[in-house]
Amino acid sequence: MLVCTPENLKDFSAVGFVFGRRLYKELNMPVGLIQSTWGGTHAESWTRMNVMENNPLYADVMAEFAQKDVNKTPATLWNGMIAPLRGYTLKGTIWYQGESNSIRYEKYQEVFMNLINSWRTEWNQPDMPFYFVQIAPHYKQPAGIREAQLKTWQSNLDNIGMVVVTDAADSTDIHPRNKVVPGERLAAWALVKQYGKEMICSGPLYKSMEIANGKVTLTFDYAAGGLRTSGDEPVKGFFIAGADARFYPATALITGSTLVLSSPQVVSPVAVRYGYGTFFRTNLYNKEGFPAVPFRTDTFAADTYYRLFADSEMRRFPEAWQLDHGKRLFFGYAQGVGCCAMLRLWKQTGEKRYFDYVEKWADSLINEKGQIHLYAKETYNLDYINSGKVLFDLYRETHKEKYRLAMDDLIDQLKKQPRTADGGFWHKKIYNRQMWLDGLYMASPFMAQYGVEFNQPQWIDEAVRQFRLCHLHTYDAKTGLYHHAWNEDKSERWADPVTGHSPNFWGRSIGWWFMALVDALDYIPQNHSGYADMVSWINGLAEALPKYQDKNGLWYQVIDQPDREGNFPEASVTAQCMYAYAKAVNKGYIDAKYRAVAEKAFKGISDKLLVRNVDGTLTLTRCCQVGGLGGKPYRDGSFEYYIGEKMRDNDAKATGHSLWDVWN
């Protein structure tokens, strides 16, 4: 046994020390503490094996961790660090764990309760005190782990209590540096429950809800003295939803110990959430200074990532022309990318608001004669064609003839599109004798679908022809990748004087090409002469790309040089390749083993590029704003050019493909 000194304290738990110090000061008696800790471990590591064996609840963790990490092996830390303590008499336990169980948060309440009960059995104390810290808000910690801890507290177990540390969180540090807050609050529970001190030991805990006249009134336990906010600021962190399960920020007014919520977006509220997310900022307290406990009143099924992202985009950009940070009403290709994703979500969910979002945009752009606002056909810009993809669904659903006329007008452009000597479309009139990978995504799936929808098979043939020519002129056999562009007469400064190739492999351009192939095949018959070739090109890319994917699942701006100084992981190429892999697997174009590549990319986006905002929206970071060749100022296609392009958040060239539910 050691007496606490500044020297030996350095190796002891800071939270445990603060806990013991507070008891010592309040009780004026010695306090003995036994530390048994190991970071980054699962609750199952601290549970006796006979609790877990032959119990299906533990089957996955028993299989997954048994051979990987001895300290994560079920029962290892029980055997080595808890069982030897059974000869000691314990007054109670304080517990600070849960992060490593967040990947299985739906099981954590039962796992945690089993652990508590088994320890109580081992010490022959059926009601041995067990006080624990709820996991702090953190960008990698889902709301479900905190909810499981809350449910444990609210279960039928006696002598347990939960400490909330929402006001001590750090979005980037899984372990908040402020150790005084959890230690003092754990001590408050012990002082009240074990030592009879008359004081408050918890923050406001949701008790009941009443709804009337579009407003929600909440009552709380542990709030008899009233509610307040830090610094008397407006209340933050509350969201309400109607029956559609779409949550919007709520205005919250304190009236003594109750709270009244409302939102102009929710006329008939049915549910409330507070601090329900990964990382969030909240500021509601009781008068004693304890923060309110995060909660939700609903039992809505977990929302999909794709719907959350779509709703985030619609909140950021209330009009579809604003997608991609648009400044004016325009038939832009990036808006087309985002709107195609919205239409896909409409089909998957049946929620017409996604369709209405797109149709409002198209309806405002296209007059009754089928003329598209600001469409400059004479520029022969293939980018214009991409937004035409949304018109098929709109025409089919609304029967508005103007949408058919607009599609015909886009086809008329392609009839007259300038071509290389062998028939390849120029990307734009100003890009003389140049084929770009981007152009295949913009135009070829549209042509193939137009051919099917209106029984004009010559447009299916034209789509395939463009793929053949682009593959012929841009494919690099050494890497299995494709050059961004090809210049027929080699007159551009960026063009290789022998091959006409642009000098680098730009990630997004390869993503455009990969998606173009898998999307166009939706409309190309299997007996078409080009079908097998397109499938083989998809397989070639599927085989080549994993060698350039980094350990986190991301692809880079210049895709074949991830280790070169200045290069960086980029959102749009990662989202595009994720989409193309997933769809190609679903369609049977490539082996099912490649599903893992898409899943790795999805995890990389979620873990490294996606930000979960305090207002409930999602932000996709590290998106390249634009990339091209030639023009003014001149873009030379060098490595330095590509890595020097501007970056921004929530660029539709990246978010549009992140909106797709790639597994459906």
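The values are calculated or read from the model by the stated rules, or taken from the named source; none is laboratory data. Because the structure is predicted, anything quoted here is derived from the model rather than measured. Neighbour counts are summed over all protein chains in view; Cβ atoms, including those assigned to glycine, are modelled from backbone coordinates with ideal geometry.
Could you check the range 204-216 and list, in sequence order, the residues that are touching a Ser or Thr at 6+ places or on another chain (Cβ under 6 Å) and either among the hydroxyl-bearing types (Ser, Thr, Tyr) or part of a loop (DSSP other than H, G, I, E, B) (or both)? Talk me through it step by step, then tell me what you get.
Initial filter on the range 204-216 (touching a Ser or Thr at 6+ places or on another chain (Cβ under 6 Å)): 207-210, 215.
SER208, the sole residue that qualifies.
Which of the residues that make up the range 472-494 are touching a Leu at 6+ places or on another chain (Cβ under 9 Å) and in a helix (DSSP H, G or I)?
THR474
Under 32 Å from the mean Cα position of the chain (by Cα), farther than 15 Å from ARG273 by Cβ and surrounded by fewer than 14 Cβ atoms within 10 Å (Cβ to Cβ): which single residue out of GLU233, GLU198 fits that description?
Only one candidate passes the filter, namely GLU233.
A quick yes/no check of all residues on (1) in the same structural domain as VAL611 (by TED's automatic domain parsing); (2) within 30 Å of the chain's Cα centre (by Cα); (3) at pLDDT below 95:
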{"residue": "THR41", "(1), (2), (3)": "no, yes, yes"}
{"residue": "THR47", "(1), (2), (3)": "no, no, no"}
{"residue": "TRP78", "(1), (2), (3)": "no, no, no"}
{"residue": "TYR108", "(1), (2), (3)": "no, yes, no"}
{"residue": "THR121", "(1), (2), (3)": "no, no, no"}
{"residue": "PHE130", "(1), (2), (3)": "no, no, no"}
{"residue": "TYR139", "(1), (2), (3)": "no, yes, yes"}
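Report, ordered by the first and then the second residue, all pairs with beta carbons closer than 9 Å, sequence separation of six or more or different chains, a first member in the range 100-120 that is without any contact (Cβ under 8 Å) to a residue 60 or more places away in the chain and small (Gly, Ala, Ser), and a second member that is surrounded by fewer than 21 Cβ atoms within 10 Å (Cβ to Cβ) and part of a helix (DSSP H, G or I).
Going by the 9 Å Cβ cut-off, the qualifying pairs are SER102/GLY144.
When you scan the range 262-287, how many residues do you find that are buried (at least 18 other Cβ atoms within 10 Å of the Cβ) and out of contact with any strand residue (DSSP E or B) (no Cβ under 7 Å at 6 or more places or on another chain)?
The qualifying residues number 2.
Here are the criteria: (1) closer than 29 Å to PRO294 by Cα; (2) of a type in the set (Ser, Thr, Tyr); (3) surrounded by fewer than 19 Cβ atoms within 10 Å (Cβ to Cβ). Tell me which single one TYR96 does not satisfy.
Unmet condition: (3).
Kindly list, by first and then second residue, each pair from a residue in the range 38-66 that is more than 15 Å from ILE103 (Cα to Cα) to a residue that is at pLDDT below 90 and of a type in the set (Ser, Thr, Tyr), limited to pairs with Cβ atoms under 6 Å and residues at least 6 apart or on different chains.
From the range 38-66, the pairs are ALA66/THR73.
Given the residues LEU323, LEU308, which is the only one that is crowded, with 19+ Cβ neighbours inside 10 Å, closer than 29 Å to ASP438 by Cα and in contact (Cβ under 8 Å) with a residue 40 or more places away in the chain?
Result of the check over LEU323, LEU308: LEU323.
Evaluate the following for ALA143: is it small (Gly, Ala, Ser), closer than 24 Å to ASN286 by Cβ and modelled with pLDDT of 95 or more?
no
Restricting to the range 252-281, name every residue that is in contact with a Phe, Trp or Tyr (Cβ under 8 Å, 6 or more places away or on another chain), closer than 22 Å to PHE300 by Cα and of a type in the set (Ser, Thr, Tyr).
SER263, TYR274, TYR276, THR278
Residues to consider are ALA59, ALA63; find the one that is in a helix (DSSP H, G or I), closer than 29 Å to GLN154 by Cβ and at pLDDT below 95.
ALA59
Report whether or not VAL192 is touching a Cys at 6+ places or on another chain (Cβ under 7 Å), under 24 Å from GLN154 (Cα atoms) and at pLDDT 95 or above.
yes
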